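Note sheet for the following structure.
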Amino acid sequence: MKQVGRIKSEYFQILELDDSIDIVKVNIENLRKHLEKRNHDNMIKYLSRISELLENPDYIGINPRERGRSIEYVIQLEENVLIGIKLDYKNEYFYIATMHEISQLKLNQRIKNGRLKSLTT
């Protein structure tokens, strides 16, 4: 696992989460295999930019089925890229579990229902 960033303290405040663990790691090869298996091949081109993407998301939110354990970042590029970041309590870090495209319709719905919060003005 390679450290690729940190979750900013302001994001924890926005999401009303504990900020005692903020390190984000990724196993690039495992993530690449996951993307290929799930037919998210269009996300592979972003793997080399993962640190940059984590630094500047357009939206952040929480997966309601995994409250406090799973954070979602959405970055608007050629596609709307959703990065799923999960907490590994035992080893005390977050890790990138998935990346996939999210449609504009789904993005708009998640903004409207409050699941995602805008970080841009």
*Give the residues of the stretch 24-65 that are among the hydrophobic types (A, V, I, L, M, F, W, C) and either surrounded by fewer than 16 Cβ atoms within 10 Å (Cβ to Cβ) or without any contact (Cβ under 8 Å) to a residue 12 or more places away in the chain (or both), sorted by residue number.*
ILE28, ILE44
_Residue count for the stretch 92-110, restricted to those that are surrounded by fewer than 19 Cβ atoms within 10 Å (Cβ to Cβ) and within 16 Å of VAL4 (Cα to Cα)_ = 4
_Single unsatisfied condition, GLU10 versus (1) assigned to a helix (DSSP H, G or I); (2) out of contact with any helix residue (DSSP H, G or I) (no Cβ under 9 Å at 6 or more places or on another chain); (3) free of Cβ contacts under 8 Å to residues at least 24 places away in the same chain; (4) closer than 26 Å to LEU105 by Cβ_ = (4)
*Filter the strands (runs of 3 or more DSSP E) completely within the stretch 66-110 down to those with at least 2 residues that are β-branched (Val, Ile, Thr), in contact (Cβ under 8 Å) with a residue 60 or more places away in the chain and within 17 Å of VAL26 (Cβ to Cβ).*
93-101
*Does at least one position in the stretch 11-19 carry a residue that is among the aliphatic types (A, V, I, L, M), surrounded by 16 or more Cβ atoms within 10 Å (Cβ to Cβ) and at pLDDT 95 or above?*
no
_Just to verify a result, which residue in the stretch 111-121, among those that are out of contact with any strand residue (DSSP E or B) (no Cβ under 6 Å at 6 or more places or on another chain) and without any contact (Cβ under 8 Å) to a residue 60 or more places away in the chain, is surrounded by the fewest Cβ atoms within 10 Å (Cβ to Cβ)?_
THR121
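The values are calculated or read from the model by the stated rules, or taken from the named source; none is laboratory data. These numbers come from a predicted model, not from an experiment. Note that each Cβ is placed from the backbone with ideal geometry, even for glycine, and that neighbours are counted across all protein chains shown.
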